[in-house]
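Have a look at the structure below, then the notes.
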Amino acid sequence: MSTVIDGQWRRQDPKTIAAIAGLVLAPMVPAVAVMAISGAPTSAILITAGLWLAAGLLFAGLYALEWWFAWYRITPEHFELRKGAVTRNHRSIPRDRIRSFDLTASLSHRVFGVTTVKVGTGGQSGDSSELKLDAISRQHAESLRQELLFGDSSTVVDSGVPAPETSSTLARLNPAWLAYSSLSVGLALIVWGAIGSAIGSFSELLKATGVFNAIGAAVVATSLWLVVAVGAALALAVGVLGSFVLSLEMWWGFRLSRDRGDTLQVKRGLLTTRSVSLEERRLRGIELVEPLLLRWAGGARLHAVATGLNQKKEENQPDNKTLLPPAPRSVAYRTSAAVLREPQPPSQVPLRHHPRAALRRRINWALMAAAPFLIAAVVAAMYGWIPVPLAIAAGAAVVLVFLGFAVDAYRNLGHQLTDRYLISRNGSGIRRTVVLERDGVIGWKMSRTVFQRRSGLMTVGATTAAGNSIYEVHDVAEAEGLALANEALPGLLEPFVERR
């Protein structure tokens, strides 16, 4: 019997109490420094520091109480967690159903040598399918991972240094890839939001130091167009630089490996480290994601399509399913082939084109989307707000841009059925290519809007227990869509198909 799996009730590492206190107290130093620089009274600084210390002690005390009443144990059959001072909560998951093991260590956790452990069964039932230990020692966490996933903790020696194990590297971070993350609009929005929040929080300091007055004077002394241009350039530069810094923190040290021959493991993180283990039995395919700017730069991200990835949680933490950060498209193709154990990337197979009616639908959407901008340009010209030639040029430019997106969206439409996979591609702003195992398809959802029926088109959705639960082939010809579904799962649609 392993020394890790001995059936004894254990508490979590007590150093986590100090880690929580440190996390609460960390912002106190810069806050007090800002107050001192802005000339705040000494009494106000002392009161603020005292309140912050009291809050830190309160949080540490509450967490110490929670830590005292939290116990866990691992038996040959179950992983059990019991916690709660007033209301007792006892949860258990069978060991033979454990499919994932995630380790996350924030900066404060790393200082005290502890990590957070999350064990999942691969189910879709939320909290009932996973157990979380807030903090245990790194050595013990690695021993648990080896034992629970592979039934062997002997690869962790007494010194806490993992012994060599069977592992093959599928992808490793090239620092040049971080430049692709600078093209991420989502990261830029996070940066701008954080800056806006900081300006609101320190507005009094900015007023006291005359920053707002200086900006106002500069705006009055220069032209409006110059201020707008400089502001846009500054916002773009800050967004790009901030995206790069966030990407550096998230993906530094990234490594995708195949552990013990049947488990994918992603390790990453600079300040907050993360290790995610995904059992290959849960894998049902991959998704190649190409946002517009990243696609123009020749890059892509790679996501896993696997069972047990709770969609609501993935919306908050989309990187949980990421197998490869923004990287060159050729690297994403090569990594997808390695993950799926294929000699060639399935996402590169020639796709079947969709009918011209699908292009007409997208052109109609584009014209409807451009209509409000055209109306605004006409109204502005009628009231003399802008010259008529400028209104005509702006309207034409808007129409051309929207038509360009429509044509691009149609060119990206496609699907293919191979011996093992259903492949579907769609999207313009974000192009997504899904490679879904045919064995993972459990049913079909056929849908036709009024306009699709008039055009002889339909949307075929492959339902699965993995990922987003349904992956759609958009605007395919009715006969081809039915043939696709019938070929992928022979016999399933027979009772519902009307013979003519």
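Computed quantities for the displayed model
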| read-out | value |
| --- | --- |
| Number of positions in segment 456-469 that are over 11 Å from S424 (Cβ atoms) and either buried (at least 17 other Cβ atoms within 10 Å of the Cβ) or more than 26 Å from the chain's Cα centre (by Cα) (or both) | 6 |
| Test: residue in segment 386-408 that is crowded, with 20+ Cβ neighbours inside 10 Å and part of a loop (DSSP other than H, G, I, E, B) | no |
| Subset of segment 264-285 [among the charged types (D, E, K, R), open to solvent by less than 40 Å² (accessible area, probe 1.4 Å) and under 18 Å from M250 (Cβ atoms)] | R268, R274 |
| Selection within segment 84-103 - of a type in the set (K, R) and open to solvent by 70 Å² or more (accessible area, probe 1.4 Å) | R88, R97 |
| Residue within segment 28-46 that is of a type outside the set (D, E, K, R) and touching a Phe, Trp or Tyr at 6+ places or on another chain (Cβ under 7 Å) present | yes |
| Residues (of a type in the set (A, V, I, L, M) and in contact with a His (Cβ under 9 Å, 6 or more places away or on another chain)) located in segment 459-482 | V460, V473, V476, A477 |
| Answer from G210, G253, G261 - the residue that is modelled with pLDDT of 90 or more, on the phi > 0 side of the Ramachandran plot and either open to solvent by 70 Å² or more (accessible area, probe 1.4 Å) or of a type outside the set (A, V, I, L, M, F, W, C) (or both) | G253 |
| Tally of residues being touching a residue at least 40 places away in the same chain (Cβ under 8 Å), in contact with a Phe, Trp or Tyr (Cβ under 8 Å, 6 or more places away or on another chain) and small (G, A, S) across segment 356-375 | 2 |
| Odd one out for A232, checked against (1) in contact with a helix residue (DSSP H, G or I) (Cβ under 6 Å, 6 or more places away or on another chain); (2) of a type in the set (A, V, I, L, M); (3) open to solvent by 50 Å² or more (accessible area, probe 1.4 Å) | (1) |
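Residue-by-condition table, conditions (1) outside any helix (DSSP H, G or I); (2) crowded, with 18+ Cβ neighbours inside 10 Å:
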position	(1), (2)
V434	yes, yes
G443	yes, no
F451	no, no
R454	no, no
Y471	yes, yes
L482	no, yes
E487	no, no
L492	yes, no
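Conditions (1) of a type in the set (G, A, S); (2) in contact with a Pro (Cβ under 7 Å, 6 or more places away or on another chain), marked per residue:
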position	(1), (2)
S428	yes, no
T433	no, no
D439	no, no
R448	no, no
R454	no, no
V460	no, no
V473	no, no
A477	yes, yes
A483	yes, no
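A quick yes/no check of all residues on (1) under 18 Å from L148 (Cα atoms); (2) in contact (Cβ under 8 Å) with a residue 12 or more places away in the chain:
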site: G7; (1), (2): yes, yes
site: A19; (1), (2): no, yes
site: P41; (1), (2): no, no
site: A44; (1), (2): no, no
site: R73; (1), (2): yes, yes
site: E80; (1), (2): yes, yes
site: R91; (1), (2): yes, yes
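The values are calculated or read from the model by the stated rules, or taken from the named source; none is laboratory data. All values reported here derive from a predicted model rather than from experimental measurement. Please note: Cβ atoms are built from the backbone with ideal geometry, for glycine as well, and neighbour counts cover all protein chains shown. Quick note on the areas: whole protein, heavy atoms, side chains included, nothing else; ligands and nucleic acids left out. Shrake-Rupley method; radii C 1.70, N 1.55, O 1.52, S 1.80 Å.
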